[in-house]
Amino acid sequence: MSFKTLDQLPATGKRVLVRVDLNVPMENGHVTDGTRLDRILPTLRDITGKGGKVILLAHFGRPKGETFEERANPAESLKPVADELARRLGQPIAFAANCIGEVAEKAVAAMQNGDVLCLENTRFHKAEEKNGEAFITALAKLGDAYVNDAFSAAHRAHASTEGLARVLPAYAGRTMEAELNALHAALGQPKRPVMAIVGGAKVSTKLDLLGNLVSRVDCLVIGGGMANTFLAARGVNVGKSLCEHDLAGTAREIEKKAKAAGCEIVLPTDGLLSKEFRANPPHRAASVNDVAADEMILDAGPASAKAIAAKLASMKTLVWNGPLGAFELAPFDTATVAVAKEAAALTTKGSLVSVAGGGDTVAALNHAGVADDMTYISTAGGAFLEWMEGKELPGVKALGQVGRDTKQ
């Protein structure tokens, strides 16, 4: 957790390269969800308020090709995103059609203290993803300091996420700072006991996550399709439920590791069962030991939801990644909503630190109407998952290396 923040940045008159996440959903040239844009506003206002010059670096989409000309797809330009960000920021944002070279240099030279400039998609240059030294040098030429406010891209060792932090004085932006502090509180040095809720369709996509968590938390609740694999590994007949039967041995190994580490694994004891995977089909609540051959477990049952909520009341910290059922389809959102509301109530009361992340998790908490009541919601996706897996994130590690100690 050793990194500098904007509190240590002498911004006045400085050209500050700020790596942000502008990779937002678009439709017909318009931003459809500006959550990520709103999150970077405190960093921009902090720097401009001190008289710094903000130069935004970001990627958008996944450009293809070898050259800038091949990769510079107008549909992946940051211009419309910058326009929406300017509207939310409440001040103009200039735009440069390239992130390096003469176009970028002239745009930066024209800036006054307190101005904001957005440079074109860094991934229009293949060297961005290659973390090429010449590209890093070309970017660094534009700034006096570097701020990383894009935790969501911190798991990539790219030029604008890792390379710049090695060659310029480096700082964490307000969003990055908040994210790292929240994650540290969740698994770094958490208040115990700690519960992790992990859901989703497949165990195979979260093996590293489960392997890391059983040695870090006191209670691991497994839900969604993943739970069916663990139930099957215990000899339960899960009917037509989504289940990776070939991973039964892996599930048993994870349970064995959890037992050795003193981590309790909690699986559903009952479920909402149906023969059809659609909204509001004929369904019933029943024990997981009473699943017919043509039925599917599509949600944790009422007894399971009540038991998880009761156990949560004795916890001090919750880390959540993945829903407990097929929450997009009513009534299979019941368990997720019930547990989410209990987590929110405990958080509001001050007895629980709750940190959640992952696209489905955020959507589920929004669906339950409790996202604003959790301690912290990460929009980082892959970076959040890799952090939960115990992996080192290059963009975070770099903030603690050479660049942050460079003479200012």
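Miscellaneous remarks
- The range 1-90, accessible surface, carbon-and-sulfur percent (1.4 angstrom probe): 47 percent
- Per-residue ³J(HN,Hα) for the range 294-299, Karplus 6.51 cos²θ - 1.76 cosθ + 1.60, θ = phi - 60°, Hz, x for Gly and Pro: 9, 10, 10, 7, 10, 6
- Radius of gyration over Kirkwood radius for the range 185-290, both on Cα atoms: the Rg/Rh ratio is 1.00.
- Rounded percent of accessible protein surface that carbon and sulfur make up, the range 270-345, 1.4 Å probe: 59 percent
- The mean sequence distance of close C-alpha pairs (under 8 Å, at least 6 residues apart), as a share of the length of the chain, puts its relative contact order at 16 percent.
- Peptides 81-89, 257-265, ordered by how many other C-beta atoms sit within 10 Å of their residues on average, highest first, read 81-89, 257-265.
- Taking Cα atoms only, the orientation of helix 334-349 departs from the longest principal axis of the chain by about 60 degrees.
- For the chain: rounded, prolate or oblate by the Cα gyration tensor [a/c cutoff 1.5]: prolate
- Protein accessible area in the range 123-246, 1.4 Å probe - carbon and sulfur %: 49 percent
- Accessible area per residue, Å², the range 276-408 with all protein chains present, probe 1.4 Å: 42 Å²
- In this structure, the amide hydrogen of Leu56, modeled 1.01 Å from its nitrogen in the peptide plane, lies closer than 5 angstrom to those of Val18, Leu117, Cys118, Leu119, counting only residues at least 5 positions away or on a different chain.
- Cross-link pairs Lys14/Lys50; Lys106/Lys141; Lys64/Lys106 - those with Cα-Cα distance over 18 Å: Lys64/Lys106
- In the chain, helical runs assigned H by DSSP with n ≥ 4 each contribute -39500 (n - 2.57); averaged across all residues and rounded to the nearest 500, the mean residue ellipticity at 222 nm is -10000 deg cm²/dmol.
- If you model the range 299-369 as an ellipsoid using its alpha carbon gyration tensor, with each semi-axis the square root of five times an eigenvalue, the axes come out at 19, 14, 9 Å, biggest first.
- Gyration tensor verdict on the range 27-176 (Cα atoms; rounded if a/c is under 1.5, prolate if a/b is larger than b/c, oblate otherwise): rounded
- The antiparallel fraction among DSSP beta bridges confined to the chain stands at about 20%.
- Among the lysines of the range 255-408, pairs at least eight places apart or on separate chains and with Cα atoms under 27 Å apart come to 23.
- The range 337-369 residues near the modelled Lys191 label - backbone nitrogen below 15 Å, point 7 Å along Cα→Cβ: 343-355
- Taken per residue, the accessible surface of the range 76-123 reaches 42 Å², heavy atoms only and a 1.4 Å probe.
- In terms of its C-alpha gyration tensor, the range 1-69 has a prolate overall shape, because the principal axis ratio a/c (a ≥ b ≥ c, square roots of the eigenvalues) is not below 1.5 and a/b outweighs b/c.
- Inter-probe distance in nm under a simple model that places probes 7 Å from Cα toward Cβ, at Lys306 and Lys391: 4.1 nm
- Under 12 Å from Lys126, Cα to Cα: aspartates and glutamates that are on another chain or at least 8 residues apart: Glu66, Glu69, Glu70
The values are calculated or read from the model by the stated rules, or taken from the named source; none is laboratory data. No experiment lies behind these values; they were computed from the predicted model shown. With ideal geometry, Cβ positions are generated from the backbone for all residues, glycine too; neighbour counts draw on all protein chains shown. Heavy atoms of the whole protein, side chains included, go into the accessibility calculation; ligands, DNA and RNA do not. Shrake-Rupley method; radii C 1.70, N 1.55, O 1.52, S 1.80 Å.
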